Amino acid sequence: MDSTCFKYNFALVSRVASSFAVESSYDLLRGQTVDIDAARREHEELVDALRRIGVDVIELPCDEKQPDGLFVDDIAVVINGTALVCNPPSLPNKPSRQGEIAVVRQVLRKEIGLKIVEVDTEKATVEGGDVLWTGREIFVGLSTRTNLLGAQAVGKAFPEYPTVIVKVHAPAVHLKDYISMAGPEVMSVSKTEWAQKTFQEIRNSGTVGYKYITVDEDEAANVIYANGVLLHLSNDLIPKGSAVYTNKIDYPRVAVNMTEPLKRGGRLSNCVLLVNRVRHPKRIPTTAQ
């Protein structure tokens, strides 16, 4: 694996809209209410953590018509100097996310200078939360947000990496809800039954060479590894998972307090779109046909 795979120049984040408290395409967990002031404080802490690991943070303004703008990672997939602009599905009785796309596309193209690839058919739905890039291959989860055509669009956008399609099991919304990269060739995986079903598909795909860290909480399995640092949720939110990372990880870690987005089933990585402008030339036929 190229040692620069997880080196990033930029991070896109979006400020929190007040409307996020009252509507979203993500269901509010039973008995929960979103505290917007707290969400904005947490967002500021996340931005500070990202700056401390050496990325230039581009903050998109909040749009009250786009309550889910906070979850910017859903809107694009950036790998190897190319950005695939995603196509979030229209869900019954939920706010559309199509209005989030134009501003993200513009920033990626004009401000950062990436090559932009569009999904080639409206029937293809895909969100970035279902796309896990390991540094040498791509796993795409079939979920309520990403269909087969969407998964195939990912393979077409990044032909230099093999693409493997797996199934996301409820109650997870996205693949990265319970499986993510915790370091070079290191996957963090939840112990829950639904996570383990998907994890078994990954292992059955013939994938070799990865190390695995297993954590008790789904939320603990969603982490961000960037610039040699692991970002994960704070000990208060994932006490068991935090203990595992303390014991297993020998590189720098930053604990992030991210309570409010979790009330809608969001995850830490949903709130950050990491970008590296450097290209790593390579070409391997995709398996996502």
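The values are calculated or read from the model by the stated rules, or taken from the named source; none is laboratory data. Everything quoted here is computed from the prediction, not taken from an experiment. Methodologically, a virtual Cβ is constructed for each residue, glycine included, from the backbone with ideal geometry; neighbour enumeration extends over all protein chains shown. Accessible surface areas use protein heavy atoms only, side chains included; no ligands, DNA or RNA. Shrake-Rupley method; radii C 1.70, N 1.55, O 1.52, S 1.80 Å.
Could you say whether any residue in region 174-195 is open to solvent by 60 Å² or more (accessible area, probe 1.4 Å) and part of a helix (DSSP H, G or I)?
yes
For region 207-228, give me each residue that is surrounded by fewer than 19 Cβ atoms within 10 Å (Cβ to Cβ) and part of a strand (DSSP E or B).
The answer is Lys211, Tyr212, Thr214.
Quick check on this structure: which one of Asn227, Asn222 is within 24 Å of Arg15 (Cα to Cα), of a type in the set (S, T, N, Q) and within 14 Å of the chain's Cα centre (by Cα)?
Residue meeting the stated conditions: Asn222.
Looking only at region 98-122, filter to residues that are in a helix (DSSP H, G or I) and touching a helix residue (DSSP H, G or I) at 6+ places or on another chain (Cβ under 9 Å); which one of those is most open to solvent (accessible area, probe 1.4 Å)?
Across region 98-122, the extreme among qualifying residues is Val103.
Could you check how many residues of region 151-171 are in contact with a helix residue (DSSP H, G or I) (Cβ under 6 Å, 6 or more places away or on another chain) and either over 26 Å from Ile116 (Cα atoms) or in a loop (DSSP other than H, G, I, E, B) (or both)?
2
Assuming Ile58 fulfils every condition listed in (1) surrounded by 21 or more Cβ atoms within 10 Å (Cβ to Cβ); (2) in a strand (DSSP E or B) apart from one, which condition is it?
Evaluating Ile58 over (1) surrounded by 21 or more Cβ atoms within 10 Å (Cβ to Cβ); (2) in a strand (DSSP E or B) leaves (1) as the failure.
Among the residues of region 249-256, is any touching a Phe, Trp or Tyr at 6+ places or on another chain (Cβ under 7 Å) and under 30 Å from Asp37 (Cβ atoms)?
For region 249-256, residues touching a Phe, Trp or Tyr at 6+ places or on another chain (Cβ under 7 Å) and under 30 Å from Asp37 (Cβ atoms): present.
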